[in-house]
1. What's the long-distance tail for segment 27-85, i.e. % of Cα pairs beyond 14 Å?
2. Could you identify which residue out of V156, V128, V23 has the top mean-square fluctuation in a GNM of the chain using Cα springs shorter than 10 Å?
3. Starting at the first residue of segment 164-179, write each ³J(HN,Hα) from the Karplus equation 6.51 cos²θ - 1.76 cosθ + 1.60 with θ = phi - 60°, in whole Hz, x for Gly and Pro.
4. Sticking with the crude label model, points 7 Å out along Cα→Cβ, report the distance from D145 to D201 in nm, one decimal please.
5. Under a point spin-label approximation (7 Å from Cα along Cα-to-Cβ), what is the I245-T79 distance to one decimal in nm?
6. Can you give the extra length, in nm with one decimal, that the chain gains between A86 and A58 once fully stretched, where that is 0.36 nm per residue apart less the Cα-Cα distance?
7. How big, on average over all directions, is the shadow cast by the Cα convex hull of segment 119-270, in nm²?
8. With the contact rule set at Cα under 8 Å and sequence spacing of 6 or more, what percent relative contact order holds for segment 130-270?
Amino acid sequence: MAHIIVVGNEKGGAGKSTVAMHVGTALARLGHRVGMIDLDLRQKTTSRYLANRKTSIARHGYELPSPVEGALPEIDPATLTPGENAHDRRLSQAVAALEAGSDFIVIDCPGSHTRLSQVAHTLADTLVTPLNDSFVDFDLLAHIDGESGEIIGPSVYSEMVWNARQLRAQAGLKPIDWVVVRNRLGAQRMVNKEKVGHALDDLAHRVGFRVAPGFNERVIFRELFPRGLTLLDLRDIGVKGQMNISNVAARQELRELMKALELPGVTADF
């Protein structure tokens, strides 16, 4: 069976699609068969990313390993069993269509709570939660006392992950490996960054996730999207000046992220 990686966070702007696309293409470059599903039916950022990639490949003749996108099928309400949700059927069929030809399936969730996102979390073998390095985003995981800095209790997203874990346990499935990725870190060493780090380490033990390094804030990510490219493509497309110091550092960040995910049979050899 394919290993399912769900990229989820109920707040927008944390870099979910950037992480999903880079993880998916990195796995493809390492020789794995990768399927991708975009559950953000409104913005469709990952779908647009993949479409831009196909356009660049066709226009320039690039040979770039790429994930295969899976689509959510339309469901005839008359075919649903009593009590069955149409979104559940759509997602299960999309995953089933990709599974036979995939080693990994990457599911990119929207930055809001939806039924599709909720169901996707129950399918996750690995859950990746990109988080901007601030207490505004930390509030997604837990409520914190503004004066003492103590964690008061888990927030809505952590509770949803807990429910997903319970459902998987009842179904006899292996536990979710939850990885919170500290994304868009600032270059400077700031007191707030340290406080967020300590709070995440504390919460990780209480809620049950691992903390991994993500991507620093870099212009290159915004420039890559219109062409559907990732950091690993820059050397192959023969564009002079792309591999500057910042881009080399970003490539190393991706390598460290892939190592931290500890995906089965994957070595970040790129």
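1. Working: 1151 of 1711 pairs.
Counting pairs separated by more than 14 Å, the tail of P(r) holds 67 percent.
2. V156
3. For segment 164-179, the Karplus curve yields 4, 5, 5, 5, 5, 5, 5, 8, x, 8, 5, x, 6, 8, 9, 10 Hz.
4. The answer from the label model is 2.0 nm.
5. Distance between the two pseudo-spin positions: 5.7 nm.
6. On the way: separation 28, 0.36 × 28 = 10.08 nm, distance 3.55 nm.
Extra length available between A86 and A58 comes to 6.5 nm.
7. Numbers: hull surface 43.8 nm².
The directionally averaged projection comes out at 11.0 nm².
8. Numbers: 145 pairs, mean separation 29.3, N = 141.
Computed over segment 130-270, the figure is 21 percent.
Read-outs: derived from the displayed coordinates by stated rules, not from any lab. A quick note: this is a predicted structure, and the numbers were derived from the prediction, not measured. Positions of Cβ are backbone-derived with ideal geometry, glycine not excepted, and every protein chain shown enters the neighbour counts.
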